[in-house]
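The values are calculated or read from the model by the stated rules, or taken from the named source; none is laboratory data. Note that this is a predicted model, so its numbers are computed, not measured. Cβ placement follows ideal geometry from the backbone for every residue including glycine, while neighbour counts extend to all protein chains displayed.
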Amino acid sequence: METNTFHLPFGEMSISLEDVGFLLKIPVTGKVVEVENFARYTEESRSDAIKMVSNLLRVSTEEAEEEVNISKGLTVRKHWLKSRWCPKAGSRPTNYPHAECTARAYLLYLLSCTLFADKSGSRLSIALPKLLEDSDDVWNYAWGAAALAYLYRHLGSATRVLVSQIAGYLTLLEGWVYDHFKLGMATPNAKYLDYVHPFVSRWIQKHETVANVDKLGAIRRTLDRLRPSEVTWDPYVNLRENDVVQAMAFYSGKIEYMDVVEPYHPERILRQFGHVQSIPDPPYRPLEAERGPFANKYSVKYGFEQDNWERWRNHVLALEVRGEKAVFEFLATPDYLPWFVKVSHPVITNPSFEDLVMVASTIADNEILERNRRALDAALRWMDLPPEMSTFDSARTTLNDMVNLLSGRSLSPTRTSTFPRPQPTQPRQPALPNQARGTPSMVALPHPQPRPQLSLPRPMLGLRRECMGRSIEGRI
């Protein structure tokens, strides 16, 4: 089930309504951003769309119909809107209706390029002009909650294995990352002014190129090693003046944009509000769910309770659910992390593959230790020989056997050891009590000179496995 949270080694985090309010300074409460009968493309909705475009953007019915037909859906092209309504340099609207349509077209273009950007980057929803019909009513909509619902949906879609693009207001996501994770990626904006610009303006956006995609593995490893004390859990702790935004952050329910309805679970991210994190209740169950590998095969549908949204103050987390205030902002109850590890995947790197690599590495270590033992035993047998049998030829043969053993090759099939163990003619010093043979420290050596160290080829010494950019070696 969808939680709309990021799962990290120490628990869950997410973009909250409070984050949206601070980062963008747009309303997170108000009327739902929706237009009836525009959820699916039908002949009726197409006819309504043509009339809406014609009336609200002051174009002829023929021009509106042509544009809708070109877009092949409930959208129009941004290029058409810009070319139709963008005034030439130095020109001014000649009358009020023209000025109103120009302002409406600008807002429509702005919303489609920011809060509700699609994957194409070239189209915008026809339903939006309806919401902009009354310019005095524009700020009565919960644009922030709608933008968050839209981003939630496309973040969920982006988790599909065959999806390579994402829609939504990624500047919001980027600003949230910069505010909470000090990973050395953000560049401060020297022109930012407190209480003038929205918080997201504190950072300069980065424009990654294809060459920087190699950073992905490093970022994954950094996140997998991240500690809770390295996170800025509550960046607004000293900035809360708007009680409405703070209270709305604890709203537990659904948020909506058009036909997109997404669950909002503040009880899963209590540390972001300065509270001790506890085990949350199960997430909302969808009415229908299809989670295929493609974006068009990802469909999760929830019911939306309009009354709950309008009376959101009756649906905020109770004080006992919020828990106590945290002395340290990363604190959680003792049972939280064991529960989280059991129900989630705390790291990004595929744990099943990592386990296979670790098992293979452990097996390789055991095999290498066994080779060492057998090679050492061959050396000890040669050292046990009487002086008259310790010839150069026997030493060379023993050394050859040791190299074969350490490199993983078998001894000659005609024999299993260099020499049959003779009975020593010289009395040898007994081993210390309770010690077994097998290491030099447990044997009285007849020749105390230090033995030279063998330099073996690297492939003979370890098992190498590549996993998400990591090298795991089994070494002697």
Matching residues, region 128-152, being of a type outside the set (D, E, K, R), part of a loop (DSSP other than H, G, I, E, B) and surrounded by fewer than 23 Cβ atoms within 10 Å (Cβ to Cβ): Leu132
Elements of type strands (runs of 3 or more DSSP E) in region 224-310, at least 1 residues being assigned by TED's automatic domain parsing to the domain that holds His154 and in contact with a Pro (Cβ under 9 Å, 6 or more places away or on another chain): 253-257, 260-264, 298-301
In region 153-179, the residues that are in contact with a strand residue (DSSP E or B) (Cβ under 7 Å, 6 or more places away or on another chain) and part of a loop (DSSP other than H, G, I, E, B): Arg160
Strands (runs of 3 or more DSSP E) enclosed by region 1-106 - at least 2 residues per element that are more than 30 Å from Tyr195 (Cα to Cα) and at pLDDT below 90: 75-77
